[in-house]
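Taking it in order: structure first as structure tokens, then the write-up.
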Amino acid sequence: MNAIKRILGLVWLALAAAAAYFCIFIFGLPKFATGKQDDLVFGIIILFVLTPLIVSGLGTFGYYSLKGEYDDV
């Protein structure tokens with residue numbers, strides 16, 4: 001079971017990298033190019049609020065899982 005937890009740690013780290021890519025290059029930056037105020041606000045929220053929360057949460061959980069912190073549970 002501990003091996004599965006460590007493999008899933010790699011999965012969570014890969015999900016963090018994928019979320020960073022999609023939040024920045026697919027959802028965030030293209031909103032700045034439209035020029036509409038609604039899109040600009042949405043792009044700022046995605047880039048500066050949601051992306052750090054999502055990536056740091058997934059990355060932290062994946063790191064600790066890969067490191068073996070959840071082996072006792």
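Of note:
- Hydrodynamic radius by Kirkwood, which averages 1/r over all alpha carbon pairs of the chain, in angstrom: 13.3
- Environment charge of residue 42, counting only residues whose C-beta is closer than 11 Å and scoring Lys/Arg +1, Asp/Glu -1: 0
- Degrees separating the helix 51-67 axis from the principal Cα axis of the chain, which is the longest one: 10
Quick note: the coordinates plus some simple rules give every number you see, no bench work behind them. Predicted model only: the values in this text are computed from it and were never measured. No Cβ is skipped: glycine too gets one built from the backbone with ideal geometry, and neighbour counts run over all protein chains shown.
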